[in-house]
Amino acid sequence: MNTNIINQLENFLYKAGEAVQRVLFVTDVKNPIYEDSQEVLQLAQKQIVAPLGAMPNEEVYAFIGVHSKTVLSGKRDSVGFVITNFRVLTQTDVSVISTPKKASSHLFTNKDNPDDLASELWQNFITKVDETIPKEYATMLEVPLKTVLTIVLLQLKTEGQLPDEIKKATDLKGRIKQLGIEDQLKFYAENEKKYKKFANKHKIEGILLGSLAAPLLFGGLYGFVLTKEGLISRDLMEEAVRSSWQEIKEHPAQKSQEGDAFTIGDKKHFIPAHQKEYLEPFLTLINEIAQGEVSLNS
């Protein structure tokens, strides 16, 4: 554990006011308000870090957040930020019945500016967390987020611990994981029944992966799939639309005005409406495959 960082975080925690102390939990440091602060931190690691998988030699420095408690079950969900020596993870989701969505992750580099990064993370957090926790609690996280990021990033930079850039994975599964969409994109074996039905209906051969959804009543499966030849998508109640990888290379996929649509040249494609928040990483992957930066053979 980096004692320089922990000591600075401890100093900040004890000098800060009650508003900060209620939402900041530092590894191996007793919180002035909560006797169970380390248990809170451990729960955050279990709920936020573990689902993504801890990185080799990763050290958790702090959790900045609160618990959202389900009235019926009494279950507590950690909401907020976990900061480690490699990254900051952001969790905005809770679930009454099923498992919450995995946290988003930002890997640190020497190019990161603490103020800019904190602002970006905060804006993303506050727009998504409205229905998860009361706003008065959510806003308490902004100040400690900026300060903790500043302490951690500056110390890691001083010690030469950060890379200049994050190397992009060139294999399909690795890049999908980097983009944080491994739960949204399913390979054929993971969703065989739906893919087989979609392929038979629209005469598609060799589906590799994609994202499909089924309507509540009628209209058939809709969404998009990727094959060796290209991309096929379908909007609800519409015919399937096809674009080859060569087409996508010449006319990269771009966001449309609709949140669940994108264009390739003059063709409009669609993703499932409930996946629209993942449109940008979907398009990043599609364009990188078309440009040969990510291999479909891996």
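No lab work stands behind these numbers, since they all come straight from the coordinates. Everything numeric in this text was worked out from a predicted model, so none of it was measured. Don't worry about glycine lacking a Cβ; one is built from the backbone with ideal geometry, like all the others, and counts go over all protein chains shown.
Laid out as a table, the results:
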{"read-out": "Residue order, fewest to most surrounding Cβ atoms within 10 angstrom, among V241, V29, V225", "value": "V241, V29, V225"}
{"read-out": "Charge dipole (segment 1-154, unit charges on Cβ, about Cα centre) - positive-most of A54, N7, G17", "value": "A54"}
{"read-out": "FRET efficiency, 1/(1 + (r/R0)^6) with R0 41 Å, evaluated for T170 and Q38 via beta carbons", "value": "0.55"}
{"read-out": "Between segment 160-231 and segment 105-156, the Cα center-to-center distance that results, in Å", "value": "30 Å"}
{"read-out": "Highest to lowest packing among 108-119, 80-91, scored as the average C-beta count within 10 Å", "value": "80-91, 108-119"}
{"read-out": "Label-point separation in nm, T139 to K255, each point 7 Å along Cα→Cβ", "value": "2.7 nm"}
{"read-out": "Coil-residue chymotrypsin sites (Phe, Trp or Tyr not before Pro) of segment 2-44, DSSP, other Cβ within 10 Å capped at 16", "value": "Y34"}
{"read-out": "Proxy reagent accessibility, fewest Cβ within 10 Å first, across D266, D235", "value": "D266, D235"}
{"read-out": "Loop sites in segment 227-276: GluC sites (Glu not before Pro), DSSP, at most 15 other Cβ within 10 Å", "value": "E229, E238, E239, E258"}
{"read-out": "Rg/Rg_globular for segment 172-290, with Rg_globular taken as 2.2 N^0.38 Å and Rg from C-alpha atoms", "value": "0.96"}
{"read-out": "Cβ-derived FRET efficiency at R0 51 Å, N11 paired with L217, nearest 0.05", "value": "0.30"}
{"read-out": "Relative compactness, the chain, computed as alpha-carbon Rg over 2.2 N^0.38 Å", "value": "1.13"}
{"read-out": "Cβ-based exposure ranking for M1, M140, in which fewest neighbours within 10 Å come first", "value": "M1, M140"}
{"read-out": "For segment 72-180, fraction of C-alpha pairs farther apart than 19 Å, in %", "value": "52 percent"}
